[in-house]
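As structure tokens, the structure follows; a few thoughts come after it.
No lab work stands behind these numbers, since they all come straight from the coordinates. What you are looking at is a predicted structure, and each value in this text was computed from that prediction instead of being measured. Glycine gets a Cβ as well: all are built from the backbone with ideal geometry, and neighbour counts include every protein chain shown.
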Amino acid sequence: MSNQPAHPVRVSVQIKPQHASYQQFREAARRAEALGVDVIFTWDHFLPLSGDANGSHFECYTLLAALAEATERPKLGALVASNSYRNPHLLADMSRTIDHISGGRFILGIGSGWAERDYFAYEYEFGTAASRLKGLDRDMPKIMERLGKLNPGPVNGKLPILIGGGGEKVTLRIVAQHADMWNIIASPDDAARKSAILDDWCRKIDRDPSEIERTAMVNPQRIGKADDYVDKGITHLIIGIDGPDYDTSNLEKLIAWRDRR
């Protein structure tokens, strides 16, 4: 793979909306913006994924609407919204609306969903991994169709679509068909292997693989492998920070690395 990436090197943050007040969450977003992150993501869950299982937690899309007003420069989005939680037409409309609130900074991040506890607590049908993926496959054209019908449409004419997941037979095909960005949680080598499969899917549908920005969630132990990711074409690295303190020290390391490049 070429050492000249098709996309600029970017560093972003996922601010987890758990174990913190809204004020602490908002302050973390403002600190991240001041540090120079490219995108502020949050996640789409209803209950904490770590720590106190009954700890404080806030909903994704209402937080994103608030962040659209509380920030000015970074792009915003979910990493990633569960397709099962909202009607696809509603999700498209909510995303378009936040795009306007933010002045055209919204990224529609989506995946097939997986957090069983969320599904049961909020009375959604959990189904199977296969059925949830089938739902994503079914709903992506509906989302795209609704985005094309809305008045006004997205600020910049087209809303960037990010799809998360690494399933080789279905997920990566959906990414090839619909996504502008793809996200995976994997080592540099595993991410590169999946990325090559995505390239194959793009060629099968006659799409230029370079159109899709490759992104990866990294844990603190993988910060030292940042150059390895970029060398393998994964140019956008994202690190999570957790409430209530929202320690940005590892984020600062990644931003310093990006700026050196």
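A few points about this structure:
- q = 0.10, 0.12 Å⁻¹: log10 I(q)/I(0) that the Debye formula gives for the chain, counting C-alpha atoms only: -0.47, -0.69
- Contour minus Cα-Cα distance for ALA196 and HIS89 (0.36 nm per residue): 35.3 nm
- DSSP beta bridge pairing in the stretch 10-260, given as percent antiparallel to the nearest 5: 5
- ³J(HN,Hα) computed for each position of the stretch 150-165 - Karplus, 6.51 cos²θ - 1.76 cosθ + 1.60, integer Hz, glycine/proline x: 5, 10, x, x, x, 4, 9, x, 9, 8, x, 10, 10, 10, x, x
- Cβ-based exposure ranking for ILE40, ILE174, in which fewest neighbours within 10 Å come first: ILE174, ILE40
- Loop GluC sites (Glu not before Pro), the stretch 138-238, which have at most 15 other Cβ atoms in a 10 Å radius of their Cβ (DSSP): GLU168
- Inter-centroid distance (Cα atoms) of the stretch 161-193 relative to the stretch 47-93, Å: 21
- For GLN18, the residues 5 or more places off, or on other chains, whose built amide H falls under 5 Å of its own are GLY243.
- Put simply, the amide H of GLY113, placed in the peptide plane, has neighbours under 5 Å in ASN83, leaving out anything fewer than 5 places away on its chain.
- The order of LYS232, LYS75, LYS142, going from fewest to most other C-beta atoms within 10 Å of their C-beta, is LYS142, LYS75, LYS232.
- Dipole magnitude of the chain, debye to nearest 20 (Cβ charges: Lys/Arg +1, Asp/Glu -1, about Cα centre): 500
- Sparsely packed GluC sites (Glu not before Pro) within the stretch 12-67, loop by DSSP, other Cβ within 10 Å at most 16: GLU59
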